[in-house]
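Everything below concerns the one structure shown next.
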Amino acid sequence: MIKFQDIKVGDYVQAEYEGKVSQGEVIGLQHDQQLVQVLTDVQDFWFEPEHLTPIPLSIQALLNLNFKATINEDGTVKYMKGAFRIVTGKVHDDFSHFEMWYREDRRHNPHIKYVHELQNHYYEMTKVHLTKELVS
């Protein structure tokens, strides 16, 4: 479950309906009833937060967001999207310790486990929503 106050329009989440889990994008929030509108590949639908789960941060999740990966000489991995950077340790799919930066804003070892948390940090740093769109 994701806390309602942690969800922002544009976040990617997993939504469960009748036992089926689909990934989708938050396209609306109804604050008075604490409902979240999620657009999946099937349709958009309103969900209560207890039917939403976060997408774990992983290499595949970053690639789905169109980050480009390069392996550094020391074995660390740098993920890039435009001027935004993430550098992980030598274990490629371990995001428990990493550094990210955008221009002069550097964050060492932020507590980010999920895609929506990364999206929210990205927005705070760049003032642009992190989506699957390519950045030149």
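Net charge in the neighbourhood of residue 6 (other residues with Cβ under 15 Å of its Cβ; Lys, Arg +1, Asp, Glu -1) is -2.
For the chain, a crude dipole built from +1 on the beta carbon of Lys and Arg and -1 on the beta carbon of Asp and Glu, taken about the Cα centre, is about 580 debye to the nearest 20. Springs between Cα atoms under 10 Å define the GNM used for the chain, and in it the highest mean-square fluctuation of 97, 31, 51 occurs at 31. Of the GluC sites (Glu not before Pro) in the range 1-52, the ones in a loop by DSSP (not H, G, I, E or B) with at most 12 other beta carbons within 10 Å are 18. Distance between the modelled labels on residue 25 and residue 1, one decimal in nanometres: 2.8 nm (7 Å Cα→Cβ projection). Within the same chain, lysines fewer than 8 places from residue 68 are excluded, and of the rest, those with a Cα less than 18 Å from its Cα are 78, 81, 90, 132.
When the chain is described by a simple charge dipole with +1 on each Lys and Arg Cβ and -1 on each Asp and Glu Cβ, the residue from 47, 28, 10 located farthest towards its positive end is 10. For residue 55, nonlocal amide neighbours, meaning residues 5 or more places apart or on other chains whose placed amide H falls under 5 Å from its own, are 14, 115, 116.
Helix content alone sets the calculated 222 nm mean residue ellipticity of the chain: runs of n ≥ 4 DSSP H residues at -39500 (n - 2.57) each, divided across all residues, give -3500 deg cm²/dmol.
No lab work stands behind these numbers, since they all come straight from the coordinates. As the structure is a prediction and not an experimental result, all values here were calculated from the model. Backbone-built Cβ (ideal geometry, glycine too); neighbour counts: all protein chains shown.
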